[in-house]
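Written below as structure tokens is the structure these notes are about.
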Amino acid sequence: MKIFVTRRLPDSVMARARGMGAELHDSDTALNDTDRAALLRDYDAVVCTLGDRFSADMFAGDPRCRLIANFGVGYNHIDADAAQAAGITVTNTPGVLTDATADLAMALMLMALRRAGEGERMVRADAWPGWTPTQMLGQTVTGRTLGIVGMGRIGQAMARRAHHGFGMQILYYNRSAKDLNFPAQRLDTVEDLAAQADVVAIHAPGGADTRHLFGAAAIAAMKPTGVLINTSRGDVVDEGALIEALESGAIYAAGLDVYEAEPAVPARLRALDNAVLLPHLGSATLEVREAMGNMALDNVEAFVAGRQVPNPV
Ligand code: 8YV
């Protein structure tokens, strides 16, 4: 068996991978499309991650590969239907990064409402003129209304934190109604949710089905005091429309961990004081990245042993 790991994973995960009895290769730099297509021809299994595009054309011919184990829950970079048609199983790492990502979404919400990024920049620039009763006033977090777009695992984890920890009311938009253990009202359109929520948090999977789901109309429907948080995928939000709304003051602020063309973050967005911008840190803790790596390897191990893989998408 020949296995390729496209990006070096945490040490403990790489050590386990090396002990699996397969021929293992890895790379610590991002591969291009041609390199990745070659992996499908030359390896039995590929462990890949965010940014590793596997488009339909790459599955042409008769690839040797039978497993693509994605390190990450989101797999919008892989054409899973084309993979399946080529006889390749795709797996992902659901569950283990739910809490970490919800924690980061809360951090972005708190920072955006309380102007924490702006304040930190002021102190670092040695530009704090001193305390006054009206300096840098933000918005109270407790008791506001949070609208969740995509009430899956991470959406629910954020809603629970916001409801139990901050007394927030929860609205949500989701294809199907969810059986939830906290009070939440489901709305029929993202525009309704945008109009009623104080904070909108995006937790949709990304890719063709959800591209610009939160588009110009939804952004226009937000309150002037509204805040948009996105820790899922950049393409779920119309980034151009969002930048215009932030620039004109049509909405209050945004807290973003993801962008439409990562790692490129538009200069207009970077220039805005009312945007909190992070570099895709949702699952970035050592424990979580180890858990994600081990979950990806559980799938590889099952595949090598001829057993059913535990996490097919
Ligand atoms: C990762 C993520 O940082 O799992 C996902 O879908 O977006 C993040 O947890 C990244 O995708 C690495 O795979």
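The values are calculated or read from the model by the stated rules, or taken from the named source; none is laboratory data. Here the structure is a predicted model, which means the values were calculated and not measured. All Cβ positions, glycine included, derive from the backbone under ideal geometry; neighbour counts span all protein chains shown. In case anyone asks, the SASA skips ligands and DNA or RNA and just uses the protein heavy atoms, side chains included. Shrake-Rupley method; radii C 1.70, N 1.55, O 1.52, S 1.80 Å.
Structural remarks
- Any chance Arg8 is in contact with a strand residue (DSSP E or B) (Cβ under 8 Å, 6 or more places away or on another chain), touching a residue at least 12 places away in the same chain (Cβ under 8 Å) and surrounded by 12 or more Cβ atoms within 10 Å (Cβ to Cβ): yes
- The set of residues in segment 25-51 that are open to solvent by 40 Å² or more (accessible area, probe 1.4 Å) and either part of a loop (DSSP other than H, G, I, E, B) or in contact (Cβ under 8 Å) with a residue 12 or more places away in the chain (or both) comprises His25, Asp26, Asp28, Thr29, Ala30, Asn32, Asp33, Arg41, Asp42, Leu50, Gly51.
- Residues of segment 4-52 that turn out to be more than 16 Å from the ligand (Cβ to nearest atom), over 18 Å from Met292 (Cα atoms) and of a type in the set (Gly, Ala, Ser), as a count: 4
- Check on Asp103, of a type in the set (Asp, Glu) and outside any loop (DSSP other than H, G, I, E, B): yes
- Count - residues of segment 121-139 that are open to solvent by 90 Å² or more (accessible area, probe 1.4 Å) and within 26 Å of Gly167 (Cβ to Cβ): 3
Yes/no matrix, rows are residues, columns are (1) out of contact with any Phe, Trp or Tyr (no Cβ under 8 Å at 6 or more places or on another chain); (2) not in a helix (DSSP H, G or I):
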| position | (1), (2) |
| --- | --- |
| Thr140 | yes, yes |
| Lys178 | no, yes |
| Ala194 | no, no |
| Asp209 | yes, no |
| His212 | yes, yes |
| Ala217 | yes, no |
| Pro224 | no, yes |
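- Hey, Leu113 more than 26 Å from Ala296 (Cα to Cα), within 19 Å of the chain's Cα centre (by Cα) and open to solvent by less than 30 Å² (accessible area, probe 1.4 Å) or not: no
- For segment 245-272, a residue qualifies if it is touching a strand residue (DSSP E or B) at 6+ places or on another chain (Cβ under 9 Å) and open to solvent by 40 Å² or more (accessible area, probe 1.4 Å), and the qualifying residues are Tyr252, Glu260, Arg270.
- Contact map, segment 70-87: residues that are farther than 15 Å from Arg233 by Cβ paired with residues that are open to solvent by 30 Å² or more (accessible area, probe 1.4 Å) and away from the ligand (no atom under 14 Å from the Cβ), Cβ distance under 6 Å, separation 6+ or inter-chain. Pairs shown: Asp79/Ala56; Ala82/Ala56.
So that you can scan it fast, the table gives a plain yes or no per residue for (1) under 25 Å from the mean Cα position of the chain (by Cα); (2) open to solvent by less than 10 Å² (accessible area, probe 1.4 Å):
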{"residue": "Asp57", "(1), (2)": "no, no"}
{"residue": "Arg64", "(1), (2)": "no, no"}
{"residue": "Thr93", "(1), (2)": "yes, yes"}
{"residue": "Ala100", "(1), (2)": "yes, no"}
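- Residue check, Pro63 away from the ligand (no atom under 16 Å from the Cβ), at negative phi and either modelled with pLDDT of 95 or more or in a loop (DSSP other than H, G, I, E, B) (or both): yes
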